[in-house]
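As structure tokens, the structure follows; a few thoughts come after it.
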Amino acid sequence: MFCKSCGKQIEDKAVICPNCGVATNNFVQPYAVTASSKNNAAVSADKSRFTGGAFANAFIGWLTAVVSLITLGLACPAMMCWKKRWLAKHTYINGKQLAFDGKGHQLFGRFMLWLLLSVVTIGIYYIVCMKVAVAKWEVKHTHFADSAQTVDSEGKSLSKFDGRWYQLLGVNLLAGFVTVITLSFGAYWAHCYKERWFCKHKTIDGYELYFDGKAAQYFGKRVLWTFLTIITVGIYSFWLKVKSLKWTISHTFAKGLEDLTQANGAAVEAAVANTGGVPQQNQTNGLAIVGLILPIVMPQFSIMGLILSIVGLVKSREMGGSGKGLAIAGIIVSVIVLAAFVSVMLYLFVFRNYAVLM
């Protein structure tokens with residue numbers, strides 16, 4: 001095998017090139033190499049993450065809603081499957097990519113039945129049972145992309161969701177009650193509580209999922225995202241849904257897959273020891289952050305903020321997408337602040353000259 005970076009010949013089973021330190025395709029989750037903590041080498045091998053972007057998520061959601069509305073709900077099953085395929089494609093559990101094989105025509109009959117039951121029960125079935133019914137069907141068609149076996153000896157899917165509607169009803173009632181009595185501060189606990197329940201009842205290709213996120217961690221993230229939303233005059237809210245999804249997936253794991261990826265992590269750590277570097281996963285895109293904050297704090301330097309944001313956007317590609325959202329937000333904010341600043345300066349200049357002439 002030849003290294004895709006330096007072109008030198010390396011061992012066929014190598015996970016990192018011993019010459020330049022770039023990861024090969026043998027590693028479950030390829031990444032670049034930098035000087036960071038060596039502990040990241042083993043951890044990165046089984047890391048869960050979501051790689052979808054905010055713009056793609058918003059576009060797919062918007063198009064799904066519009067097409068479903070135009071077709072009076074007839075195209076809703078197909079659009080739901082399309083969105084689910086996109087979400088699965090960008091979801092990695094313990095470093096293993098998910099895949100969704102459900103088809104719109106398979107879901108259509110069930111979907112029409114669910115809608116009929118919802119109408120007959122005056123919406124009660126939709127509120128109480130439909131989410132569990134959808135979850136059962138979606139999980140049944142969700143697998144690991146490289147899974148060698150997705151069905152058992154009887155031909156039944158190894159992926160399943162065994163939660164019950166009355167259990168989910170109890171979970172929702174408790175989560176809602178805590179959220180109300182805590183004046184919405186309990187919403188962070190409620191989010192983690194519901195995710196923990198859903199994961200507890202999900203099995204993907206025979207591997208049970210579990211969620212280890214804590215309300216305090218989620219609260220800290222939400223505070224930061226809210227602050228960014230405020231200082232960007234609401235612009236950052238565009239990324240909130242994806243940010244929450246990324247955090248949730250990063251705390252979702254599959255029992256048993258940790259053992260399968262530990263050997264890979266050990267191999268990476270050994271290769272890193274020989275190259276003097278370690279895997280780069282979550283670099284902070286400093287240029288994107290500065291480019292976003294600079295025009296807000298000092299409007300007169302908004303042109304510099306615009307330049308830094310553009311450079312940060314280019315750099316995000318080299319960092320696996322890290323800071324891409326912040327860079328785009330910085331570009332938007334810089335343009336708005338720059339336009340406002342120039343407008344104010346022109347107004348003051350014209351007003352002053354007019355006053356002098358008068």
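The values are calculated or read from the model by the stated rules, or taken from the named source; none is laboratory data. Only a predicted model underlies this, so the values are computations on that prediction, with no experimental measurement involved. Note that we place each Cβ from the backbone using ideal geometry, even for glycine, and neighbour counts take in every protein chain shown. Ligands, DNA and RNA are excluded from the accessible area calculation, which covers all protein heavy atoms including side chains. Shrake-Rupley method; radii C 1.70, N 1.55, O 1.52, S 1.80 Å.
Residues of the stretch 146-160 falling in the label zone of E208, defined by backbone nitrogen less than 16 Å from a point 7 Å along Cα to beta-carbon, are 159-160. With every protein chain in place, what's the accessible area of R164 (1.4 Å probe, Å², nearest 10)? Its accessible surface works out to 110 Å², give or take rounding. Here K47 is the anchor, and the lysines within straight C-alpha reach of less than 16 Å, apart from those fewer than 8 places off in the same chain, are K38, K89, K96, K246, K255. Run the numbers for I122 and F227: contour at 0.36 nm per residue of separation, minus the present Cα-Cα distance, in nm. Between I122 and F227, full extension yields an extra 33.7 nm.
Taking the Cβ-Cβ separation of D101 and Q167 as r and a Förster radius of 22 Å, what is the calculated FRET efficiency to the nearest 0.05? Provide the component values of the computation, followed by the final result.
On the way: r = 27 Å, r/R0 = 1.22.
So the FRET efficiency works out to roughly 0.25.
Keeping all protein chains in place and using 1.4 angstrom, which order do E138, E154 fall into by accessible surface area, from largest down? Intermediate values should be presented prior to the final figure.
On the way: E138 45, E154 135 Å².
Order by accessible area, largest first: E154, E138.
Look at where the Cα atoms of the stretch 73-114 and of the stretch 170-213 average out, and the two centres are 22 Å apart. Counting only protein heavy atoms and a probe of 1.4 Å, the accessible surface of the stretch 97-241 is 65% carbon and sulfur.
What's the FRET efficiency of R110 with T182 using the Cβ-Cβ distance as r and R₀ = 30 Å, to the nearest 0.05? Before the final figure, lay out each step's value.
Values: r = 37 Å, r/R0 = 1.24.
Here the calculated transfer efficiency is 0.20.
Determine the gain in length on full extension of the stretch L74-V151; use 0.36 nm per residue of separation and subtract their C-alpha separation, reporting nm with one decimal. Intermediate values should be presented prior to the final figure.
Numbers: separation 77, 0.36 × 77 = 27.72 nm, distance 3.00 nm.
Taking 0.36 nm per residue and subtracting the Cα distance, the gain is 24.7 nm.
So for W189, W247, what's the accessible-area order with a 1.4 Å probe, most first?
Working: W189 95, W247 20 Å².
From most accessible down to least: W189, W247.
Take the stretch 80-161 with all the other protein chains still there, run a 1.4 Å probe, and you get 55 Å² of accessible area per residue.
Is there a pair in K83/K103; K243/K315; K84/K200; K136/K221 whose C-alpha atoms are over 22 Å apart, and which pairs would that be? Intermediate results must be reported in sequence, preceding the final value.
Numbers: K83/K103 11 Å; K243/K315 20 Å; K84/K200 20 Å; K136/K221 30 Å.
Flagged as over cut-off: K136/K221.
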